Every structure is written in structure tokens, then in C-alpha cells.
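Trainee: One structure is given below, represented as C-alpha cells, and several questions about it will come after.
We did not get these values from a lab; they are worked out from the coordinates using the rules stated. Please read all numbers here as calculations on a predicted model, not as lab measurements. Glycine gets a Cβ as well: all are built from the backbone with ideal geometry, and neighbour counts include every protein chain shown.
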Amino acid sequence: MSTVIGKGQQAYNETTTQRRKNEANLRVTLQYYSKYGKLTDDHSLEQVAPGLASLEFMKRNCPERTKLEEFCIQSGQYFEFEQYKQGDIIFHYGDIGDKVYIILKGDVAVLVPRAESEIVAEREEISQAKLPFEFEMFQRNKKPSKSIQIEVQLAQQNSNFYFKDNVCLFKKVFQFYSGQSFGDVALISDKPRTASILVTSDQIYLISMCKKDFKISCEKSVLEMNQTLDYFVTVLPYIGKMQISKFIQFFHKTDFSPQQWLWKEGEQVKFFILILKGRVEIKQQQMPLYQVSDNSFIGHEEILEGLTLRQYGCKTLDNTIAYLMDYEDFNVARKNAPDIVKVLIEKAKLMTSYLERRKEEVKKGQTNVQPLYYPVERRLIQDMFVIKSPRNNEVRSNQPKFLSYFDITKFNKKKAKPNPINQQQSISEDLYFSKEKNLKTTRSPSNYTQRVSPMTKQMKEILLKKFKLNFRFNAVGSLKISSCKSANDLRNKSRFKTDASIDN
């Protein structure tokens with residue numbers, strides 16, 4: 001219990017420090033916008049640009065190859081100053097999104113509808129309470145004082161939308177403070193507001209940008225958010241887009257270098273990741289157990305089990321791009337995404353069971369059991385558990401397959417039956433016609449064949465059967481071939497004369 005309280009106090013101190021730092025960076029920006037309402041001259045825009053450049057909203061939406069301060073000067077003219085007091089509602093759950101807001105100074109609470117079962121249970125308790133009923137006294141020992149204050153402010157709205165029959169219908173799930181933005185999800189998705197925003201500080205000072213100007217100046221953010229939504233739809237195919245859009249607003253994309261420790265065994269649990277691209281290795285007591293890669297969640301097991309310390313170490317092997325969600329943000333996001341939490345619980349069980357199995361294998365000395373960590377390996381968590389079996393009633397001959405030229409040639413060579421006679425005939429032709437020379441020979445045909453190349457007796461017979469030669473001798477005793485049955489195969493036809501009397 002003391003560990004949880006200490007962790008909560010540490011998170012509160014970090015939030016307070018960051019809030020004060022943001023307010024100091026935005027002091028000049030607040031002065032100019034509160035004085036002029038909207039900035040149009042270059043001098044004023046240049047003065048507020050450094051403050052706007054410190055905002056995560058501006059960094060996230062700045063286009064590539066554009067300097068951040070130049071982008072702030074261009075976008076600064078679209079902002080308009082707004083101011084509210086404690087208890088005001090900036091927009092309601094279910095409203096059409098028309099603006100995005102950036103807090104220059106102050107705090108707001110994010111409110112979402114409570115579950116019907118919670119409302120029914122609280123009504124039964126109130127019905128059994130003694131009369132006269134006092135709301136604050138009744139809730140004092142059941143809820144934190146900050147939650148009671150918010151419910152009292154909602155009761156003062158005089159609307160059954162937030163408070164009915166002494167029961168608050170909404171609950172706080174998150175809080176935004178100076179330097180943070182809200183309201184952009186509805187503008188990107190073109191969906192109604194998924195929460196109400198209640199002012200919890202004495203005063204709040206904001207700058208807002210309308211939907212039209214937001215889509216012009218923050219086109220990059222709109223495109224990236226749509227791409228992110230499409231990606232998570234493929235990772236979580238059976239979850240509705242509305243629930244995914246609420247969940248992913250707490251993720252931010254992060255790059256990790258190779259051989260970087262994301263966390264070590266025994267360290268405090270701070271976040272979990274979804275690997276977009278890359279590869280990480282799980283180690284326990286410096287022993288590699290397994291690896292996970294693209295589209296895999298890792299690090300959420302301890303969070304779901306309520307553990308505060310890591311049970312294993314995690315180290316990157318390649319350049320890794322991942323979506324990261326902090327521990328505190330996940331506890332907020334899980335309230336609006338029960339179906340996604342169920343999926344994460346199922347994946348956590350698979351990871352835990354596989355981890356135990358690998359530990360047993362390592363104890364038995366089976367350290368080379370797959371998955372091995374090769375440089376080009378890509379293993380998904382589902383590959384560890386799914387056995388790929390052949391299709392039922394599969395007939396191999398009925399499965400179509402494209403054959404390459406090499407496959408066809410190889411197949412034909414195997415099926416073809418070589419003919420030794422044709423093979424010898426082709427050899428003799430190659431020997432006879434391979435070189436174009438002025439062949440000089442004696443009156444004997446056998447002498448002629450011997451001078452071309454050495455031949456066996458069988459090859460001589462084939463050559464004489466193949467070609468019908470008619471030798472004519474001139475006065476100097478040179479040989480002229482007057483006719484040849486396969487004259488088309490000769491390279492130099494001018495050396496031959498056709499004799500119709502022997503051409504059968």
C-alpha cells in the first residue's frame with residue numbers, strides 16, 4: 001500500500017513540475033493573446049512563436065522540412081483567445097467537434113458517462129439512507145474529496161444530463177493542465193465528442209483553433225492520425241473504430257536504437273509498447289528466452305497483473321519503431337476501452353505461459369530451442385502457438401502453380417527420351433559445318449572426311465547416308481560439291497550448286 005502511495009505522490013510531483021515549466025514558457029504567449037484576442041501582425045506572431053514552439057501540439061503537427069518556429073508563426077494567426085471560470089463546461093459529451101483547444105494556464109477534468117451498473121448500485125444505497133439526505137455527508141467516506149467536488153459542480157449545472165436523483169451520471173477519468181491540448185480527436189475523426197470538459201481551476205486561459213483552420217494548418221496531424229487509426233484497426237480487427245480512437249490518443253510513436261535496454265529485470269514498471277517495426281529480445285537472469293517482432297504488444301503483462309516491478313528484461317536487437325503508452329495513461333485509457341483490455345489480457349496470458357515454458361526448457365539445458373535470434377528473423381507471438389497444418393482434403397495435383405522457364409525446361413529434359421542416333425547425327429553435323437574453310441582433299445571421299453576431323457566408322461556411315469554428294473573434279477583436281485540435301489543448314493550457300501537429278 002505504501003508503495004502505491006509513494007508512486008502516486010511521485011507522479012503528482014512530476015506533474016506539478018512540468019505544469020510550472022509550461023506556464024513559464026507560455027507567459028509571453030498568454031500576455032499577447034489575452035491583450036489582443038487574435039494576432040495578425042508579424043511582430044506579435046514572432047514574439048509568441050518561441051512559446052508556441054514549446055508545445056507538444058505544435059511539434060506533433062509541424063510538417064517535415066519546415067522549421068518549427070516558422071510553422072508557429074504561420075499557425076499563430078489562426079488561434080483565438082478564450083477564458084472560463086471554475087465549474088464551466090467547455091464542451092459536452094456528444095457535441096459536434098468544431099474546435100481544438102490549448103491550455104495556456106489552468107486545469108480541466110475529462111468526464112465520461114458512468115456504467116449503468118454503478119449508477120443503479122449507488123441509487124440503491126441512497127434509497128436506504130436516512131432522511132434528510134445530505135449528498136456531501138453521504139459520499140464523504142466513499143469517494144475522494146476531489147471527486148466529490150466535481151460531482152457538486154455538476155449538480156449545480158441544473159441539468160439531468162449530468163446529475164439525476166442525487167446520483168452523478170459522469171465520472172472523471174483524466175486531467176489536462178497548462179501546455180496540453182484537447183479536442184482534436186473529434187476534428188480528425190469527424191465524430192461527436194467522446195467526453196465532457198469541466199474547468200477545475202479558478203480560471204483557465206486557452207487559445208482555440210476552428211476545425212477548418214485546423215485541417216489547413218495541421219494537415220500532417222490529420223493524415224498521421226488517420227494512418228494510425230487504420231493500423232490499429234488491422235491489429236485489433238474485432239474492436240470498433242470509436243473505441244480504438246479513444247484508446248490510441250494516449251499512444252505516441254517512439255524510435256529505439258539497436259541494443260538498447262527498454263527496461264531491465266527488477267526495474268519499476270513505467271510503460272508498455274506495441275512494436276510497429278523492429279525486434280526485441282526478452283531476457284531473464286541474463287538468459288535470452290524469446291523474441292517478438294512487428295505488431296506485438298510487450299510490457300503490458302505486469303501492468304494488467306498490478307505488479308510494480310518488471311519480471312524480465314527487454315532489449316532491442318534492431319532499429320525499432322513502437323507505439324508507447326505510459327503506466328498512468330493506460331489506467332485512464334482502459335476505462336474507455338474494455339474490449340481492448342480483454343484482448344491485452346488474452347495476449348498477456350499467452351506471453352506468460354510461453355515465458356514459463358521457455359524457463360523450463362532453459363533449466364533442462366535446451367537453450368537452442370526456437371525461436372533463435374538470427375539477424376533476419378521475424379517472429380510474431382501468434383507464430384509461437386499456432387501449428388500450421390495442411391488444408392483439409394487437399395489434393396496436390398489440383399493446386400495451381402506458376403512454372404518458370406527453368407522449371408519447364410527441367411521438366412521437359414526429364415520426360416524426354418534421348419535418341420542416340422539423332423545425337424550422333426547432330427555431332428557429325430557440328431563437326432562438318434562448324435568451320436568455314438576452303439577444304440582441299442584428294443579424290444577419295446574417305447580422305448575428305450579424315451581431313452575434317454577424326455571420325456569413327458559408324459560416324460562415317462551416318463554422314464554418307466545423310467548427305468548425297470556428287471563429286472566433280474575440274475582440271476586442277478579441286479572438288480566441287482554440286483548438291484546437298486540439307487542446303488539450308490549451310491552458312492555459305494554460294495559455294496554449292498544444286499543438281500536436280502540427285503535431289504530426291
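Trainee: What is the distance in Å between the Cα centres of segment 274-318 and segment 45-66?
Mentor: Going from one Cα centre to the other spans 34 Å.
Trainee: Would you mind checking which residues have amide H under 5 Å from Leu317's amide H? H placed 1.01 Å from N; only 5 or more apart, or other chain.
Mentor: Correct list: Gln259, Arg279, Val280, Glu281.
Trainee: Something else: Checking the table Lys246/Lys277; Lys172/Lys211; Lys67/Lys215; Lys105/Lys143; Lys215/Lys349 against a 30 Å threshold on Cα-Cα, which pairs fail?
Mentor: Over 30 Å Cα-Cα: Lys215/Lys349.
Trainee: Let me ask something additional. For segment 50-59, just list the computed ³J(HN,Hα) in residue order, Karplus coefficients 6.51, -1.76 and 1.60, θ = phi - 60°, integers in Hz, with x standing in for Gly and Pro.
Mentor: Once θ is set to phi - 60°, the couplings for segment 50-59 become x, x, 5, 5, 7, 7, 5, 4, 6, 5 Hz.
Trainee: Follow-up. For the charge dipole of segment 264-311, defined by +1 on Lys and Arg C-beta atoms and -1 on Asp and Glu C-beta atoms about the Cα centroid, which residue among Asn295, Gln268, Leu309 has the Cα displaced farthest towards the positive pole?
Mentor: Asn295
Trainee: Taking 35 Å as R0, compute the FRET efficiency from the Cβ-Cβ separation of Glu64 and Asp329 and round it to 0.05.
Mentor: Calculated transfer efficiency: 0.85.
Trainee: Nearest 20 debye, what's the magnitude of the dipole of segment 236-372 about its Cα centre given +1 on Lys and Arg Cβ and -1 on Asp and Glu Cβ?
Mentor: Once rounded to the nearest 20, the dipole reads 180 debye.
Trainee: What are the principal axis extents of the Cα atoms in segment 236-372, in Å, biggest first?
Mentor: Extents along the principal axes, in whole Å: 48, 28, 28.
Trainee: Also, I was wondering about something else. Within segment 60-86, list the residues whose amide N lies under 14 Å from a label point set 7 Å along Cα→Cβ of Leu223.
Mentor: So the set is 61-66.
Trainee: Full-extension gain between Asn158 and Thr308, please, as 0.36 nm times their residue separation minus the C-alpha to C-alpha distance.
Mentor: 49.8 nm is the gain from fully extending Asn158 to Thr308.
Trainee: Indicate the gyration tensor shape class of segment 273-339 (rounded, prolate or oblate), computed on the Cα atoms with a ≥ b ≥ c the square roots of the eigenvalues: a/c under 1.5 is rounded; otherwise a/b larger than b/c is prolate and the rest oblate.
Mentor: oblate
Trainee: So, one more: Roughly speaking, what is the stretch gain from Val28 to Arg123, that is 0.36 nm per residue apart minus the C-alpha to C-alpha distance, in nm to one decimal?
Mentor: Between Val28 and Arg123, full extension yields 29.3 nm more.
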